[in-house]
Amino acid sequence: MIKWLGVFFVIFSATQATSGVRELPNFSFASIDGGEIKLDDFKGKVVLVTNTASKCGFTGQYKGLQALYDKYQDEGLVVFGVPSADFRQEYQDSEEVKNFCEVNFGINFPMSEVTKVVGNGSHPFYQWLSNEYNFKPRWNFNKVLISKTGEVVNTFGATVRPTSEKMNAAIVALLKN
């Protein structure tokens with residue numbers, strides 16, 4: 001019986017430790033358009049944060065990200081792109097990234113300047129994701145879905161396309177809440 005109580009205690013403790021809502025702190029990013037983008041400005045909206053790269057095999061996902069933004073923006077979705085050269089497939093200059101995205105994909109959703117997303121010196125948002133959710137981008141076009149209340153509710157790897165049923169279902173469910 002003591003053994004079962006110990007098992008129950010371990011399970012209950014683990015559940016308690018992970019069940020609390022971890023609200024998104026107010027992180028800010030340097031905007032690719034100049035100025036600052038504060039995630040706090042997106043409160044009350046569903047946010048899809050994606051680390052991006054202009055010279056990657058997944059770069060075509062920009063088209064799907066823009067399609068999601070066009071389709072759900074009026075319902076409260078924000079797509080937020082975070083270009084990163086961490087995987088050596090992004091321009092170093094933010095102006096080049098901006099021009100590439102506008103010319104090739106007509107991107108008009110908010111984007112940060114080129115930002116470090118993994119390792120030492122990574123942006124505080126990505127450090128927080130690593131510490132609180134054990135999530136680190138393993139490649140370009142990893143996606144983080146944040147609820148209207150600022151809770152990270154799902155993460156998706158590079159192979160999950162923005163227009164996939166899995167992604168759309170997750171977004172629609174959050175927009176309805």
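The values are calculated or read from the model by the stated rules, or taken from the named source; none is laboratory data. Everything quoted here is computed from the prediction, not taken from an experiment. Because the Cβ atoms are built from the backbone with ideal geometry, glycine has one as well, and the counts that use them run over all protein chains shown.
Data overview
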item	result
Selected residue (criterion: nearest to residue 169 (Cα to Cα)) from residues of region 27-60 that are assigned to a loop (DSSP other than H, G, I, E, B) and among the aromatic types (Phe, Trp, Tyr)	58
Residue match in region 103-114 (condition: in a helix (DSSP H, G or I) and free of Cβ contacts under 8 Å to residues at least 40 places away in the same chain)	yes
Hits in region 71-93 (condition: in contact with a Phe, Trp or Tyr (Cβ under 9 Å, 6 or more places away or on another chain) and not polar (S, T, N, Q))	77, 78, 79, 80, 81, 82, 83, 85, 87, 91
Enumeration of residues in region 122-149 that are aliphatic (A, V, I, L, M) and in a strand (DSSP E or B)	144, 145, 146
Among residues of region 126-152, those that are more than 15 Å from residue 78 (Cα to Cα) and either of a type in the set (Asp, Glu) or surrounded by fewer than 21 Cβ atoms within 10 Å (Cβ to Cβ) (or both), counted	11
All positions within region 157-177 that are within 12 Å of the chain's Cα centre (by Cα) and either at pLDDT below 95 or of a type in the set (Gly, Ala, Ser) (or both)	157, 158
Residue 176 vs. criteria surrounded by 13 or more Cβ atoms within 10 Å (Cβ to Cβ), of a type in the set (Lys, Arg) and within 24 Å of residue 41 (Cα to Cα)	no
Single residue of 117, 78 found to be in a loop (DSSP other than H, G, I, E, B) and in contact with a strand residue (DSSP E or B) (Cβ under 7 Å, 6 or more places away or on another chain)	117
